[in-house]
Amino acid sequence: MSARLIATTRAQVSVIEAGAGAPLVYLHGFADVHACMADLQPFHHALAKKRRLIAIALPGVNGSEELEDGTGVDDVLFRLLETIDALDLGAFDLVGHCAGGWFAAELAVRHPDRVKSLTLIGATGLFVSGQLIGDIFMQAQPERGVDYKTLRAMLFSSADHPIALEHYPDIRGDIDTEVRRYQMLRFGSFVGFRPPYFYNRSLIDRLYRARMPTRVIWGEKDGMVPLAHAEAYAKNLPGAGGKPVIIKGAGHAVHLEAPEAVAAAIAELLVGA
Amino acid sequence: MKPVELYCWHFMSYPYLPKDFDEKYDTGWVTVPNELWDAERSRGLLREYTDQLVYASEIGFDGMVLNEHHQNIYGLMPSPNIIAAALAHATRRGKIVVLGNLLPLHMNPLRVAEEYAMLDNMSDGRLVAGFAPGSGPETFNYDAPSAPSRDQFWEAVDLIREAWTRPGPFAYEGKHFPLRYVNPWPQPTQRPHPPIWIPAGRSKGTLRQIAKHGYSYFLSSRSHGSATAKSQQLFEQTLAEYGQKYEPHRMGILMSVVVGETDEEAREQSREGIWYFLRNCLKGHQRREGRQLTYGPGVPYIPSEEWRDFLATTDPTTPLLGDTEDWDDLQRSQSIIVGSPDTVYERIVAILESAPIGNLLMQFHLGNMPFDFTRKSMKLFAEQVAPRLREASQKIYAKRFPHLADAPAMEVVK
């Protein structure tokens, strides 16, 4: 595993790489590498057994340069494209969690020729009437100064899940971790605080363009992105087989809670070199 | 030497909450259910609050202060400009300080330039134009995006100042608020423009903006002590960076004041109102209990490195003003000054001696304090505290800033 800063045409971008072989680009969410944890987690290592995994830190997060004020999703996508160009990746497998899943879907509909396979895990990005994506900003405001119970409940299957308690404890924790979490919220506030709240109403009608092999994977107890979003993605992405893979008992951070099951669901996509 | 200016600030809190509010609800802000609004009991409430400010003008306060809050029980004034219009019409003297319009929450800052210009005309040049970016609760109320809101804010202030000073029509090339035609009518009565006040904490970047443009600094803190003196010194240093000398009237602070005939009467009459204010109105804003929305990782408007400093220098379990337990605790925070005219005078003079600030913005009505006692407290202040404070302040300023002693004294309105 190696973490490094790479220079794109316009900015420094932080990436963590592991494994070897054909490239797999990983775009993180909130409870994830870069945005909370400094290092790759068991799920990412499982992917790295099959591919050269490249986890790109979103703008402003974990060493990546922040975008300018007034940023929209388009600027985020171009930052990702510039990073992929700088790494000279050609075609690649693409996996994204939460907001990272949204950006993955946006890239896939724009550049279907570059994306060999697409995996969306608890992805935001769609507007589904009556099924609002949860307000992570409100939940990130602790109760009594340090109590993150409701944030843990949003991101994990339960507020008491050991992984949740490890990374979102009810104390002022390790400052580097707190700053990483803050950076991801700050980045998120550029693209998800005001409407559209981490979604793009135009995306659903563009999904037909992403014809590559696809998996839509959700935790059954996702407290941030309702299951109806999984159904909508699976129905509209031609390569998804019409149905999401639902992992029983898991929450929004399904890839942290059930790394083997999620990796196994993706494994069939990662055939060949 | 110009004496201290004494303003009456009204927040217009909701006074009819159920007795068990604190037990049942986790916040007084943003998500506090508006089913609690009692329309029948609230008849005449905004008129009474406005009348209290008119009364302040009549009994000799230097001005009336309003501000903008949304969807909460702390301040029933989502549009302070509406109350300011009523005051402009009902009074003939005293400044009208709107502190301020929350610019990132306004679709178009040109509208603020227009409304403020109207208020300045309606009040015959008595407007003080405050601009604020809003804090956590307002961010949630209007979905004002956190990180870009600071940048939007300064661009909006710039647009408004230009709208008042640059001959129109002109095109404004803003990033957030580009406009093809900027040409507001009417223009303000005060030329080149009404005084501009900016509420701020101790961010060096904000103080630099205030200094650079010649605005006045209102310290947004309810508690006073060494931190207030430090803010004053920091502002003085920042002004020096821009070749300017500190003058007490470039800065203002907020405090709450309750005056009774005796210390005992002041406490007796204000006890319920003060604790209603601390426990209910500050819940969600300046209280650890419940979910505090004002500051925190969910409203990430400061850059990450500033957040790192904040984490390193603060303790998230430190009690806030709303956690105040008793009178002794309250006395220490120097936020709500309660007592006889002598007590109140001495305590405010002590604050001025440690931080020579020229504008005292004072809240007299707290929570569900009885209206007649609020007026009595204001009157005791105006008659028995204000004259002495004005006199003492001139001595304090002259001692600290001898270069100002030669400046002509402003007329003291009795």
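Read-outs throughout are calculated quantities, based only on the coordinates presented, and are distinct from any laboratory measurement. What you are looking at is a predicted structure, and each value in this text was computed from that prediction instead of being measured. When we count neighbours, we look across all protein chains shown, and the Cβ atoms used for this are built from the backbone with ideal geometry, even at glycine.
Could you give the longest part of chain B that holds none of the GluC sites (Glu not before Pro) found in DSSP loops with at most 11 neighbouring Cβ atoms within 10 Å? Maximal segment without exposed cleavage sites: B:174-324. Counting other Cβ atoms within 10 Å as a rough exposure proxy, the listed residues A:HIS252, A:HIS97, B:HIS403, B:HIS106 run B:HIS403, B:HIS106, A:HIS252, A:HIS97 from fewest neighbours to most. Once the Cβ-Cβ distance of A:MET1 and B:SER79 is raised to the sixth power relative to R0 = 51 Å, the FRET efficiency obtained is 0.40. Using the alpha carbons alone, the radius of gyration of the range B:22-64 stands to its Kirkwood radius in an Rg to Rh ratio of 1.18.
Per residue, the convex hull spanned by the Cα atoms of the range B:5-404 measures out at 141 cubic angstrom. Taking each residue as 0.36 nm, the span from B:ASP342 to B:ARG92 lengthens on full extension beyond its C-alpha to C-alpha distance by 87.0 nm. In this rough spin-label picture, where each label sits 7 Å from Cα along the Cβ direction, the B:ALA240-B:VAL54 distance is 4.8 nm. Applied to the range B:6-19, the Karplus parametrisation 6.51 cos²θ - 1.76 cosθ + 1.60 on θ = phi - 60° returns per-residue 3J(HN,Hα) values of 10, 10, 9, 10, 10, 9, 6, 6, 7, x, 10, 6, x, 4 Hz, with x for Gly and Pro. Listing B:SER135, B:SER203 from fewest to most neighbouring C-beta atoms within 10 Å gives B:SER203, B:SER135.
Could you tell me which of the pairs A:LYS149/A:LYS221; B:LYS19/B:LYS283; B:LYS212/B:LYS245; B:LYS95/B:LYS245; B:LYS95/B:LYS230 are separated by over 19 angstrom between their Cα atoms in the structure shown? In this structure, B:LYS95/B:LYS245; B:LYS95/B:LYS230 exceed 19 Å between Cα atoms. If the chain linking B:TRP185 and B:ALA312 were pulled fully straight, counting 0.36 nm for each residue of separation and taking away their Cα-Cα distance, it would gain 40.8 nm.
Comparing B:SER149, B:ILE160, B:HIS89 along the charge dipole axis of the protein assembly as shown, the residue lying farthest to the positive side is B:ILE160, per the Cβ-charge model. For A:GLY251, the residues 5 or more places off, or on other chains, whose built amide H falls under 5 Å of its own are A:SER157, A:LYS221. If you plug the beta carbon distance of A:ARG10 and A:ARG144 into 1/(1 + (r/R0)^6) with R0 = 51 Å, you get a FRET efficiency near 0.75.
Distance between the C-alpha centres of the range A:116-173 and the range A:64-95: 24 Å, rounded to the whole angstrom. Ranking A:ILE175, A:TYR197, A:PHE156 by Cα position along the charge dipole of the range A:141-212, where only Lys, Arg, Asp and Glu carry charges on their C-beta atoms, puts A:TYR197 farthest toward the positive end. Here, the range B:1-51 is characterised by an Rg to Rh ratio of 1.16, where Rg is the alpha-carbon radius of gyration and Rh the Kirkwood radius. Sequence-ordered 3J(HN,Hα) estimates for the range B:106-112 from the Karplus curve with 6.51, -1.76 and 1.60 and θ = phi - 60° stand at 9, 3, 9, x, 4, 4, 5 Hz, glycine and proline given as x. For chain A, modelled as a GNM whose springs connect Cα atoms under 10 angstrom apart, the maximal fluctuation among A:ALA108, A:ALA31, A:ALA159 occurs at A:ALA159.
Close amide H partners of A:ARG215, meaning residues 5 or more places away or on another chain with modelled amide H under 5 Å apart, are A:LEU118, A:THR119, A:LEU120. For B:VAL338, nonlocal amide neighbours, meaning residues 5 or more places apart or on other chains whose placed amide H falls under 5 Å from its own, are B:VAL258.
Per DSSP H run of n ≥ 4, the term is -39500 (n - 2.57); total these for the protein assembly as shown, divide by its residue number, and report the mean residue ellipticity at 222 nm rounded to 500 deg cm²/dmol. That comes out to -11000 deg cm²/dmol. Relative to the current alpha-carbon distance between B:ASP328 and B:THR262, full extension at 0.36 nm per residue lengthens the span by 22.0 nm. Spacing of the modelled spin labels on A:GLU166 and A:ARG201, each 7 Å from Cα toward Cβ, amounts to 4.2 nm. Which part of the range A:172-209 falls in the paramagnetic zone of A:LYS235, meaning amide N under 12 Å from the point 7 Å along Cα-to-beta-carbon? Residues passing the 12 Å test: none. Using the Cβ-Cβ distance between B:ALA398 and B:ASP20 with R0 = 56 Å, the FRET efficiency computed as 1/(1 + (r/R0)^6) comes to roughly 0.60. Once you order the gyration tensor axes a ≥ b ≥ c over the Cα atoms, which shape class does chain A get: rounded for a/c under 1.5, otherwise prolate or oblate by comparing a/b with b/c? It is rounded, given that a/c, with a ≥ b ≥ c, falls under 1.5. For A:LYS116, list the lysines whose Cα falls under 21 Å from its own Cα; do not include residues on the same chain fewer than 8 positions away. Partners within reach: A:LYS49, A:LYS50, A:LYS235, A:LYS243.
As a proxy for reagent exposure, B:VAL112, B:VAL97 were ordered by neighbouring Cβ count within 10 angstrom, fewest first; the result is B:VAL112, B:VAL97. Apply the a/c threshold of 1.5 to the C-alpha gyration tensor of the protein assembly as shown and tell me whether it is rounded, prolate or oblate. Prolate, since a/c reaches 1.5 and a/b exceeds b/c.
Only beta bridges with both residues in chain A are counted; by DSSP, about 30 percent of them are antiparallel. Each residue of the range B:64-79 was assigned a 3J(HN,Hα) from its phi angle through the Karplus curve 6.51 cos²θ - 1.76 cosθ + 1.60 (θ = phi - 60°); the sequence is 10, 10, 10, 8, 10, 9, 10, 6, 7, 9, 7, x, 8, 9, x, 10 Hz, with glycine and proline shown as x. Between A:ALA264 and A:ALA20, the simple spin-label model (points 7 angstrom out along Cα→Cβ) gives 2.8 nm.
Taking a virtual spin label 7 Å from the Cα of A:ASP176 along the C-beta vector, which residues in the range A:25-47 bring their backbone nitrogen under 14 Å of it? Zone members listed by number: A:34-40.
Which of rounded, prolate, oblate describes the range B:289-414, given a ≥ b ≥ c as roots of the alpha-carbon gyration tensor eigenvalues and a/c under 1.5 marking rounded, otherwise prolate only if a/b is larger than b/c? It comes out oblate by the Cα gyration axes. Near A:GLU257, once Lys and Arg are set to +1 and Asp and Glu to -1 for all other residues with Cβ below 15 Å from its Cβ, the sum equals -3.
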